[in-house]
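The values are calculated or read from the model by the stated rules, or taken from the named source; none is laboratory data. Keep in mind the model is a prediction, meaning the values are calculated, not measured. Don't worry about glycine lacking a Cβ; one is built from the backbone with ideal geometry, like all the others, and counts go over all protein chains shown.
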Amino acid sequence: MVNKNTSIRPLLRNGLYLLLIVLSILLSRTANAQEVRFGIKSGLSLTKINSKEDSGLKVGAHISGIVLYPINKSSVSAELQFSTAGQQLAVWEDVNVKEYYNTSLFYINIPVLYQYYFANILGLEIGPQFGYCLSSTTKMKTGNSDWIKLEHNHSIYNPFDFGAVFGVFTKDLLMESTNNLSIGLRIYTGFTNVFKDRGANKNFGVYISLGYIL
């Protein structure tokens with residue numbers, strides 16, 4: 001039987017090589033060009049873990065630092081993002097009793113995106129995202145009882161996450177050259193499993209953000 005985690009390692013390795021190349025280009029441009037711009041964004045995160053279990057969206061938050069290199073009507077963007085993730089899950093213990101599970105994950109992510117502007121204030125973005133899980137907690141309760149924090153080994157989680165980002169955003173909302181306020185809607189689909197040895201279970205998230213480019 002083929003180990004899925006082993007088969008995806010070459011994809012992760014190649015993706016990391018691509019990330020290093022893109023970041024190297026951005027850093028070299030930063031030293032030589034005035035076009036490179038920096039910014040920050042923050043907002044709401046709605047996440048879940050896609051699996052055979054029917055989990056609900058978990059509300060969280062994210063914040064990112066941005067390096068942006070404009071290219072004509074497009075740009076290349078790299079971010080350092082801190083984001084919550086996880087899921088809320090309800091399971092019937094028997095016909096009358098329901099168990100609730102709340103899994104909270106905290107990631108540091110690096111999305112590298114190609115952005116194309118269709119109009120002066122509208123654009124689309126797409127690209128890979130690389131993540132690392134910094135911490136994890138799981139709480140549960142039965143029926144209307146109080147939440148209990150479960151003791152678990154962090155090693156049950158895959159520390160690395162890799163997936164694709166697609167989004168739409170606005171820019172220059174204040175219509176002034178010195179004010180680059182933006183609103184973004186982004187969807188993330190993970191390609192790697194969150195839990196080890198539990199079948200298919202991948203991160204999914206919807207991110208709504210407010211950003212400012214210097």
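So here's what we get for this one:
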quantity: Of residues in the stretch 117-133 being within 30 Å of Asn193 (Cα to Cα) and touching a Leu at 6+ places or on another chain (Cβ under 8 Å), the one surrounded by the fewest Cβ atoms within 10 Å (Cβ to Cβ); calculated: Ile126
quantity: Residues (at pLDDT 85 or above and either more than 17 Å from Lys52 (Cα to Cα) or assigned to a loop (DSSP other than H, G, I, E, B) (or both)) located in the stretch 79-104; calculated: Glu79, Leu80, Gln81, Phe82, Ser83, Thr84, Ala85, Ser104
quantity: Leading residue by the ranking (farthest from Lys202 (Cα to Cα)) among those in the stretch 124-137 that are of a type in the set (A, V, I, L, M) and under 16 Å from the mean Cα position of the chain (by Cα); calculated: Ile126
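Conditions tested, residue by residue: (1) of a type in the set (S, T, N, Q); (2) within 20 Å of the chain's Cα centre (by Cα); (3) over 22 Å from Lys73 (Cβ atoms).
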| site | (1), (2), (3) |
| --- | --- |
| Tyr117 | no, no, no |
| Leu122 | no, no, no |
| Lys149 | no, no, yes |
| Val165 | no, yes, no |
| Ser182 | yes, yes, no |
| Asn193 | yes, yes, yes |
| Gly211 | no, yes, no |
